[in-house]
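First the structure, in the form of structure tokens, and then the observations on it.
The values are calculated or read from the model by the stated rules, or taken from the named source; none is laboratory data. Small disclaimer: the values here were computed from a predicted structure and weren't measured. Note that we place each Cβ from the backbone using ideal geometry, even for glycine, and neighbour counts take in every protein chain shown.
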Amino acid sequence: MKIDYCSDLHLDNALSGGPHGWLGGIDISGWKAGGEILVVTGDTAEHVEDMVDFLNETAKQYHHVVAVLGNHENGSTKKSIRENVHVLDWCPNLVTDIEGVRFIGACLSPDDAVQAAAIASAFSDEADAVVGLSHYPPTRQIAAVLGRDVSGACASLLDDYEIRIGKPTTWICGHLHLEFDTVIHGVRIASNPRGYRARRRDGSSWSGFRCIEVGR
Ligand SMILES: [Fe+2]
Ligand SMILES: [Fe+2]
């Protein structure tokens, strides 16, 4: 399965927060990277209503869109969500299974021990592949990899839990506004943030979705 992924699109950055009602009109065709599934790991917009607009519209160009909430996504929505859009924070047990691949995740704030325990308990060895998703990185060891003091902005799920059965093969996260693709605790952990106005924290520019292959 090929997965396009991104985070921290911050499509309405510099605005004071929605709902604005126009994020569904954003043209993503130039961002696509060849995956049939799109993963969006949080901070898409300032309001969940705008996030849902964007995910619903983007899902017309993918088999499925799987997302988690970021710390910026505030408010609530009564909008209907397309059947091929899966916001894991709102899914039973924080899980959705798609074509033999199990996606597990949520925002995973560093101080949310309950959510960390729920994610850890959702891992299964029955799927072809298990993909973890979170807005906050799932390990504090990312700080050493990046050479930056970011551990306070990271959760410690992969540090705290011995996930031997159904170990995630891949983890996609966001929040730091830094791009990386590394292996920690035997798990490939990747982040492809757009950042505020398409600029990351290290000054690099965002060029679109990245693609990763999991499972068969
Ligand atoms: Fe962000
Ligand atoms: Fe964030």
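Check whether at least one residue in region 57-69 is assigned to a loop (DSSP other than H, G, I, E, B) and either buried (at least 24 other Cβ atoms within 10 Å of the Cβ) or within 16 Å of ligand 2 (Cβ to nearest atom) (or both), and report yes or no.
yes
Would you confirm whether or not region 125-137 contains a residue that is in contact with a strand residue (DSSP E or B) (Cβ under 8 Å, 6 or more places away or on another chain), under 23 Å from GLU179 (Cβ atoms), hydroxyl-bearing (Ser, Thr, Tyr) and at pLDDT 95 or above?
The answer is yes; a qualifying residue exists.
Where residues in region 5-40 are within 16 Å of ligand 2 (Cβ to nearest atom) and free of Cβ contacts under 8 Å to residues at least 40 places away in the same chain, which of them is nearest to GLY215 (Cα to Cα)?
Result: VAL40.
State the number of residues belonging to region 110-139 that are within 16 Å of ligand 2 (Cβ to nearest atom) and either out of contact with any His (no Cβ under 8 Å at 6 or more places or on another chain) or part of a strand (DSSP E or B) (or both).
Residues in region 110-139 being within 16 Å of ligand 2 (Cβ to nearest atom) and either out of contact with any His (no Cβ under 8 Å at 6 or more places or on another chain) or part of a strand (DSSP E or B) (or both): 7 in total.
Quick check on region 41-56: of everything there that is polar (S, T, N, Q) and either more than 11 Å from ligand 2 (Cβ to nearest atom) or not in a loop (DSSP other than H, G, I, E, B) (or both), which residue is surrounded by the most Cβ atoms within 10 Å (Cβ to Cβ)?
Among those residues, the one meeting the criterion is THR41.
Which of the residues spanning region 19-38 are within 16 Å of ligand 1 (Cβ to nearest atom) and either among the β-branched types (Val, Ile, Thr) or touching a strand residue (DSSP E or B) at 6+ places or on another chain (Cβ under 7 Å) (or both)?
none
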